[in-house]
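Down below is the structure, laid out as structure tokens.
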Amino acid sequence: MSGWEVVIGLEIHAQLATNSKIFSGSATAYGAPPNTQADLIDLAYPGVLPVLNEEAVRMAVKFGLAIGATVAQRSVFARKNYFYPDLPKGYQISQYELPVVARGSLKVMLDDGTVKTIGITRAHLEEDAGKSLHEGLANATGIDLNRAGTPLLEIVSEPDMRSAKEAVAYMKKIHTLVRYLEICDGNMQEGSFRCDANVSVRPKGQEKFGTRAEIKNLNSFRFVEKAIQYEVTRQIELIDSGGTVIQETRLYDSDKDETRSMRSKEEANDYRYFPDPDLLPLEITPSFIEDVRATLPELPDDKAARYAKVFALSAYDAGVLCASRELGAYFESVVAGLSAAPGANALPGANASAAKLAANWVMGELSSALNRDNVDVGRSRVTAAQLTGLLLRIVDETISGKIAKEVFEAMWSEGKPADAIIEAKGLRQITDSGAIEAVIDAVIAANPKQLADYRAGKDKLFGFFVGQVMKATAGKANPAQLNELLKTRLDGAKHA
Amino acid sequence: MSLTRQDVEKIAHLARLSITEQEMPVYVTSLSSIVNFVDELSQAQVGSVVPMAHPLDGQHQRLRPDAVSESDHHEKYQQNAPAVAAGLYVVPRVID
Amino acid sequence: MLHNLNIGELAERLGKRQISSVELTRHFLGRIERLNPALNAFITLTATRALEDAASADRRLEMGERGPLLGIPLIHKDIFCTEGVRTSCGSRMLDNFVAPYDATVVARLKAAGTVMLGKSNMDEFAMGSSNETSYYGPVKNPWNTAKVPGGSSGGSAAATAARLAPFATGTDTGGSIRQPAALTGVTGLKPTYGRVSRFGLVAFASSLDQAGVFARSAADAATVLQLMAGFDPKDSTSVDAPVPDYSAALGAPLKGLKIGLLREFFDGLEARNAALIHDALKIYRGLGAETLEVSLPHLPLSVPTYYVVAPAECSSNLSRFDGVRYGYRCDRPKDLADLYTRSRGEGFGAEVKRRIMTGTYVLSAGYFDAYYLKAQKVRRLITDDFRAAFQQVDLVISPTTPTPAFDIGAKMHDPVTMYLNDIYTIGANLAGLPGVSLPCGFVDQLPMGLQLVGPHFSEAKLLNAAHQFQQATDWHRHAPRGYE
């Protein structure tokens, strides 16, 4: 790899979350039986004509504003002509020379915490094609046009990414952004958010770009990363062995973890773009733009900056918590709950410690559970109020942090609040000094050799005694009290 | 400007039109004649004139409210279809 | 005779219940049965449906409802989608296609209570100037059945001239209403682009197509236009502008009207044709109009411009005909490529294939700038020429066609010869202007037309000028022998 530089650009197709299609009044809901959401316009019947959906335009403008791009005062729809069964008109209505959104950019935080600005060349409106299905049809393909005509926003990045990880970070940021803006539900399994990657390599220091290959229709962050990694290796090996990279379209095979050439698209397509005569130029006035600007929510970067400041979180933690509006809302709700609780510590810095506690649990236990069950935070089996309830029991020392993790798992699987589980399982911390001392005495009595070794100077055995007491109390002994009492007992006996 | 047979084959392929052996020379001749005719345009002095895609200037695209206005009529529409199975339009196998 | 009455007279008799719509419809159906076989003006006859529609119109009339077209029979060019009725566009590709919806024009005329007698024959997908490219055979000119009626709306023109209906709809992309109107001695109107909805009109060239009407007088055309015109939210190119009362505008004196004679087209024009136009100008001067010469210097480029722009748009518009969702599918396609190329190769006729290929060529990489982009620039120059002319005159006049109707088969050997028939009409399509052709005399016992073109949305002025000419002359009352 050394000596080579990787150059990546991504084209992301985000399905806009409108109720109806971009040029027809058909519904866009996912999962309907075949061809039940395809009207005469979607079916490209003779004589039909397209009329543009206002909401699709608003959503495009919203995106343009969020990436600091110029929104075109005048943009034009163009026909992209080619034949494919899922493209009923034999052309796709898209935008070519004059897209609705021109150059913008996005700040992306990489794994190591550094921030890189990725340029976005343009974003334009176009219509989605239908679907081809092969199962159950001998030697034939079945075409479902429900998806044909769904509005898409095609977001084209500059070739600014230099590694697969950078590309994934950018893709995740766009994913977060479109969901924040509520213009796309980002559901990759359902195909609402798709990515094509343009990948090339060049010797380090060379200015000219190498020939690029396009990998189409990657629908998960993981696949994007793996496909790019495979492709980079393929291209480098190819060039090293004297071959040349051909400009072509490739598909990623996730089973074999490799990219391969797309046979049907091998021939260079002459799309014969020309302005669509059935649609007039789209004019966007300054007042339309201001109307849309007024509907912008707090953007992820601004929210993250706010979190870092107000809650004294690291930039990294703030970024993670802002990955979705819902996660941020959950977090803020827990912090508010902790701060408002009676007896909440009113000392300065208390807010910060409440935030830190909430952040750790939201990024830790909660996120693990959400990932494990593949569930959105909106469908979390532990609500923000319930998590707050649990954390309060740590703060008021009813349970230790370690026991709390056990309680959380039980809350997740049983759907019950913390108190109910603590009671039912008898997980209250033991804070009665007498009770703890009694257990300590029993442990000491049962382990004379370790006692002798400890008193002889093996300080590490302190941990052994702690472990034994915790075992005997099923983890419920208050750790701070335990430490204090144990030390007194062990040392005290020392001086005896 | 004359078109060659290869030119016509390429265009026919882009346009997905089958042309028989007998028809080919006829199309080569007639298309060449048409292209020759429209080549007259190359004489025109157009300066910096903006191309005209729509005959009425100063018009812009109307926006439609985002409302679902169509319902399912696939049975009616598929009466015209040459081949349908389980609600899908059937074509020979498409290979990617 | 019923078929010689104008629309206003028919409406009056229907209103007075002197005749019923059913009787009127039967009268025309009878004529069609007798006279159409010699003309081949129809692709589909809808006799049963027509009688049902007529009965329903009669019920409305009985209830006291009145309307300018209530109970009046018409013919629709087979390019308009008509629900439940075959819509073939004169092509094998749609020979089996039954439209599941009505075009807006059809729906509006239906709501007004018209009775559809059938769908008229036309050049395939509206591509032609002689109605010789139809899959269903050529249409004959009722004035001389060895001659063409013009195209692409040849069936509607011939049927109107033969008095098989009081009026017929048509479409005009490069002259397809005006030219056949001239060759068959009837009045043909192409409105301003965007005046009449294109929704449901099978697209040939989207920035040029307009729906219009054939009738035997400008007054009748005004009545029909009144109901066809108006904004349609389903057509993005439809203009949201008020529709004036066209009939009320008829009768305004022409004093002070300035009519411009197109200088560019008088060289090489046959003397007898030129004489008819000069005679017409005399009539107009007699009516108080002023006539002067105007120059549209880029107009001679209009035909090559059109034959780049129209094929380009049609090559894309016709891509949807692929044998997948409707229309002709070839027998036993061996793979997808075969399905496409043979369904389209077998479904389309030669002229359509020529135009698709011409369009594909002028849009293709390497040729786009030299052809398509250049043509759209020349289009603007032509439009600007008209705009400049309309600073000096109210209307522009010219012959509609260079010659009267030619023999069937005479021009089929070379497409370019055929294209030059449109030399006077095409400019109005490129500039989106309204135009009307009206009968102005005969050459070799065949009708000739004069064409008036006006600025955008000047239909009222245009129809009035045509109407006044028809009050002062009687060319429009002549009927072909055997069809009186």
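Any read-out appearing in this document is the output of simple, stated calculations on the displayed coordinates, not a laboratory observation. In this text the structure is predicted, and so the values were computed from the model without any measurement. Please note: Cβ atoms are built from the backbone with ideal geometry, for glycine as well, and neighbour counts cover all protein chains shown.
In summary, the lysines within cross-link reach of A:LYS460, defined as a Cα separation below 23 angstrom excluding same-chain residues under 8 places away, comprise A:LYS402, A:LYS449, A:LYS471, A:LYS476, A:LYS487, A:LYS494.
Let me confirm one metric for peptide A:130-142, namely the mean number of other chain beta-carbon atoms within 10 Å of its residues' beta-carbons. All intermediate terms of the calculation are to be shown ahead of the outcome.
Values: counts 2, 1, 5, 3, 4, 0, 3, 6, 1, 3, 9, 9, 10.
Neighbouring Cβ atoms belonging to other protein chains average 4 per residue here.
In chain B, the calculated helix contribution to ellipticity at 222 nm averages -9000 deg cm²/dmol per residue, counting -39,500 (n - 2.57) for every DSSP H run with n ≥ 4. Once every Cα of the range C:72-113 carries one equal point scatterer and solvent is ignored, give the base-10 log of I(q)/I(0) from the Debye formula at q = 0.20, 0.23, 0.33 Å⁻¹, two decimals. Computed log10 I(q)/I(0) values: -0.58, -0.73, -1.17.
Angle, helix A:433-446 long axis vs. longest principal axis of chain A, Cα atoms, 0 to 90°, nearest 10? Its long axis makes an angle of about 80 degrees. Screening chain C for DSSP H helices whose Cα atoms reach 27 Å or more along their own axis and whose mean Kyte hydropathy is at least -1.0 gives C:374-392. Given +1 at the Cβ of Lys and Arg, -1 at the Cβ of Asp and Glu and no other charges, the dipole of the range C:76-221 around its Cα centre is 300 debye to the nearest 20.
Taking Cα atoms only, the orientation of helix A:54-66 departs from the longest principal axis of chain A by about 60 degrees. By the Stokes-Einstein formula, at 0.692 mPa s and 37 °C, chain C with its Kirkwood radius over alpha-carbon pairs has D equal to 148 µm²/s. Principal-axis analysis of the Cα atoms of chain B puts helix B:5-14 at an angle of about 20° to the longest axis. For the range A:165-249, the set of chymotrypsin sites (Phe, Trp or Tyr not before Pro) satisfying both a DSSP loop assignment and a count of at most 15 other C-beta atoms within 10 Å is given as A:PHE209. Calculation over all alpha carbon pairs of the range C:335-476 in 5 angstrom steps from 0 returns a P(r) of 2, 8, 12, 14, 15, 14, 13, 10, 6, 3, 2, 1, 0 percent. Projecting the Cα atoms of C:ALA162, C:GLY194, C:ASN96 onto the charge dipole of the range C:70-210, computed from C-beta unit charges around the Cα centre, puts C:ALA162 farthest toward the positive end. Sorting the segments C:398-405, C:313-320 by their residues' average number of neighbouring beta-carbon atoms within 10 angstrom, most packed first, yields C:313-320, C:398-405.
Going through the range C:16-113, which trypsin sites (Lys or Arg not before Pro) have at most 10 other Cβ atoms within 10 Å and a DSSP loop state? Passing both the DSSP loop test and the Cβ count: C:LYS16, C:ARG17.
Can you list which of the GluC sites (Glu not before Pro) found in the range A:194-297 are DSSP loop residues with at most 16 other C-beta atoms within 10 Å?
In loop regions of the range A:194-297 (DSSP not H, G, I, E or B), the sparsely surrounded GluC sites (Glu not before Pro) are A:GLU207, A:GLU248, A:GLU266, A:GLU267.
When the alpha carbon coordinates of the range C:216-349 are projected onto the principal axes, the ranges are 70, 40, 27 Å, largest first. Volume per residue of the convex hull around the Cα atoms, evaluated for chain A, comes out as 235 Å³. Semi-axes of the equivalent ellipsoid for chain B, computed as √(5λ) from the eigenvalues of its C-alpha gyration tensor and ordered from largest down, come to 38, 31, 11 Å. For the range A:430-478 and the range A:50-76, what is the separation of their C-alpha centers, rounded to whole Å? Taking the Cα centre of each part, the range A:430-478 and the range A:50-76 sit 68 Å apart.
As a rough footprinting exposure proxy, the listed residues A:LYS62, A:LYS107, A:LYS476, A:LYS460 were ranked by other beta carbons within 10 Å of their own, and the order from fewest upward is A:LYS460, A:LYS107, A:LYS476, A:LYS62.
So if I place +1 on the C-beta of Lys and Arg and -1 on the C-beta of Asp and Glu, and nothing else carries charge, what would the dipole magnitude of the range C:158-251 be about its Cα centre? I want it in debye, nearest 20. Before the final figure, lay out the partial values.
Values: 7 positive and 7 negative charges, 53 e Å.
Result for the range C:158-251 is approximately 260 debye, rounded to the nearest 20.
Please compare each pair in B:LYS10/C:LYS374; A:LYS80/C:LYS234; C:LYS119/C:LYS461; C:LYS353/C:LYS377; A:LYS165/A:LYS216; C:LYS190/C:LYS461 to a cut-off of 20 Å on the Cα-Cα distance and tell me which ones are over it.
Details: B:LYS10/C:LYS374 23 Å; A:LYS80/C:LYS234 22 Å; C:LYS119/C:LYS461 31 Å; C:LYS353/C:LYS377 26 Å; A:LYS165/A:LYS216 18 Å; C:LYS190/C:LYS461 14 Å.
Table pairs above 20 Å Cα-Cα are B:LYS10/C:LYS374; A:LYS80/C:LYS234; C:LYS119/C:LYS461; C:LYS353/C:LYS377.
Each listed q (0.14, 0.21, 0.29 Å⁻¹) maps to a log10 I(q)/I(0) for the range A:74-133 from the Debye sum over equal C-alpha point scatterers, namely -0.59, -0.82, -1.12. Here's the picture: charge each Lys and Arg Cβ at +1 and each Asp and Glu Cβ at -1 in the protein assembly as shown, and of A:ALA27, C:ALA310, A:ASN478 the one pushed furthest to the positive end of that dipole is A:ASN478.
Under a point-charge model restricted to the Cβ atoms of Lys and Arg (+1) and Asp and Glu (-1), what is the dipole moment magnitude of chain A relative to its Cα centre, in debye to the nearest 20? Can you show the working numbers first?
Working: 57 positive and 65 negative charges, 289 e Å.
Dipole about the Cα centre, nearest 20: 1380 debye.
Across all Cα pairs in the protein assembly as shown, the calculated P(r) in 10 Å bins from zero up to the longest distance comes to 2, 9, 16, 18, 16, 11, 9, 7, 5, 3, 2, 1, 1, 0, 0 percent per bin.
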